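These notes concern the structure reproduced below.
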Amino acid sequence: MTRRQHFVIILILGTLTTISPFSIDMYLPGFPAIAKDLHTSIAQVQLSLTAYLVGIAVGQLIYGPLLDRFGRKLPLYAGLLLYLVASIGCALTTSIETLILMRLLQALGGCVGLVAAQALVRDLFPISEIAQVMSLLTLVLAVSPMIAPTVGSYTTVAWGWHSIFLILAVITVFILVGVHFALPNGKAPDDSLSLRPAAVLGNFFMVLKQPQFLTYALVSGTATSASFAYISGSPDVFINLYRMSEQQYGWLFSALAVALIAPTQMNRFLLKRFTSEQIIYVTLLYQCAVGLLMVLGTWAGWFGQYGLIVMLFLFLCGQGLTGPNSTALSLAPFSRHAGSAAALMGSFRMAFGAVVSGLVSVLHNHTAIPMVGVMCGCALSGLVALLIGRRVIQGENHQKTIGAVSEATL
């Protein structure tokens with residue numbers, strides 16, 4: 001492909017991956033306004049975020065087989081249209097129960113962008129370039145937290161929180177146009193793949209039997225879900241606890257997004273000297289150390305508002321390195337079932353994110369401890385998953401080597 005085509009494809013794939021981050025980040029500054037308008041609590045509003053994450057986790061499992069069976073475009077159109085309708089439903093809601101339901105439907109539609117983008121990367125680029133392309137997508141992904149909360153905060157103040165979802169609907173229309181006219185079709189439909197439950201489950205089981213996939217999908221799911229603890233807990237911590245305005249919180253969220261962007265681009269250069277496995281290992285050790293210090297300092301009262309912001313920035317720097325490398329290692333073993341593999345990996349990540357955001361809501365105690373404690377726990381869990389998984393992978397490779405030598409001897 002030409003450089004222009006390469007740029008356009010990366011841009012469209014990037015916008016597809018930003019659908020869900022925009023849907024999450026853009027309405028965060030509106031949490032207090034939503035709670036007041038719908039006569040409910042912040043904890044209940046946080047459940048609308050949990051519902052969105054549950055929808056993403058479930059929806060990706062649905063779209064994975066559909067993308068393998070019908071090709072990439074048709075399921076993509078269907079999901080984006082569902083997201084469009086649900087966004088309008090969110091804008092028109094008058095109760096927290098309806099908002100939670102609409103957010104669930106919105107996620108079931110919008111999550112197609114995550115799965116399709118990752119599957120198309122596997123379709124359109126050679127294996128040696130996947131990690132670098134994922135880093136570029138993560139760059140586009142990381143820009144959304146810089147834009148979305150700021151836009152959301154000013155929109156909430158100017159026109160009310162309902163207008164946020166109307167803006168999301170308009171953005172989706174533009175994405176649909178770009179997908180139709182400028183995005184390649186990718187892998188062709190495969191009529192040999194059955195959508196019967198037994199066959200679909202068999203494909204998923206085949207993917208799960210691959211130790212490399214399971215290891216790095218779990219690492220990605222546990223470690224990167226720390227950002228969902230931050231996303232779920234930070235509106236209450238900074239707006240209610242530290243008395244920031246919605247606009248100030250939006251700018252803070254944007255500033256902390258820099259912690260994702262810089263490491264993501266640094267990853268492209270690190271890959272020239274180190275393997276993805278090495279980068280993930282060192283990053284998780286770093287995040288565990290920062291996370292433990294952040295929890296201890298918050299509990300002991302060492303950090304005020306600005307001290308906590310610095311610690312969050314240092315911790316979030318690791319997210320930009322773990323995500324793209326673990327994604328590349330998860331998808332590398334697959335070609336024919338790349339859609340199912342991408343769906344499972346994304347489902348793991350969002351399922352952990354839903355659990356984490358729900359846990360922050362359950363542990364809510366009007367302090368920052370639930371947020372920072374869960375973030376640290378995510379990093380520790382990711383490190384444990386990596387250490388155990390690497391031993392399993394090494395054991396399987398050793399068995400394969402023994403088998404190959406035995407066959408050659410015979």
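The values are calculated or read from the model by the stated rules, or taken from the named source; none is laboratory data. Here the structure is a predicted model, which means the values were calculated and not measured. For neighbour counting, all protein chains shown are included, and Cβ atoms are generated from backbone atoms with ideal geometry for every residue, glycine included. Each accessible area value is taken on the protein alone, full model and side chains, heavy atoms only, with ligands, DNA and RNA left out. Shrake-Rupley method; radii C 1.70, N 1.55, O 1.52, S 1.80 Å.
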**OP:** Would you please list the contacts, defined by Cβ atoms under 6 Å and residues six or more apart or on different chains, that run from a residue in the stretch 358-387 that is without any contact (Cβ under 8 Å) to a residue 40 or more places away in the chain to a residue that is surrounded by 21 or more Cβ atoms within 10 Å (Cβ to Cβ) and assigned to a helix (DSSP H, G or I)?
**Re:** Leu363/Pro370
Subject >> In the stretch 251-290, residue modelled with the highest pLDDT [restricted to those that are in a helix (DSSP H, G or I) and charged (D, E, K, R)] >> reply: Glu277
**OP:** Please enumerate the residues belonging to the stretch 97-129 that are touching a Leu at 6+ places or on another chain (Cβ under 8 Å), over 18 Å from Ala354 (Cα atoms) and hydrophobic (A, V, I, L, M, F, W, C).
**Re:** Ala116, Ala117, Ala119, Leu120, Val121
Original post:
From the list Met345, Met311, Met375, which one is open to solvent by less than 10 Å² (accessible area, probe 1.4 Å), over 30 Å from Leu193 (Cβ atoms) and touching a Ser or Thr at 6+ places or on another chain (Cβ under 9 Å)?
Top reply: Met375
Subject >> Selection within the stretch 221-250 - more than 17 Å from Ile369 (Cα to Cα), assigned to a helix (DSSP H, G or I) and open to solvent by 30 Å² or more (accessible area, probe 1.4 Å) >> reply: Glu246, Gln247, Gln248
**OP:** Please state which one of Val151, Val115 is over 28 Å from Met244 (Cα atoms) and among the β-branched types (Val, Ile, Thr).
**Re:** Val115
Subject >> Residues located in the stretch 299-321, provided they are touching a helix residue (DSSP H, G or I) at 6+ places or on another chain (Cβ under 7 Å), at pLDDT 85 or above and among the polar types (S, T, N, Q) >> reply: none
Subject >> Filter result for Ala117 (of a type in the set (Gly, Ala, Ser), part of a helix (DSSP H, G or I) and either buried (at least 18 other Cβ atoms within 10 Å of the Cβ) or touching a residue at least 60 places away in the same chain (Cβ under 8 Å) (or both)) >> reply: yes
Subject >> When residues of the stretch 276-296 are limited to those that are free of Cβ contacts under 8 Å to residues at least 12 places away in the same chain and not β-branched (Val, Ile, Thr), the one least open to solvent (accessible area, probe 1.4 Å) >> reply: Ala289
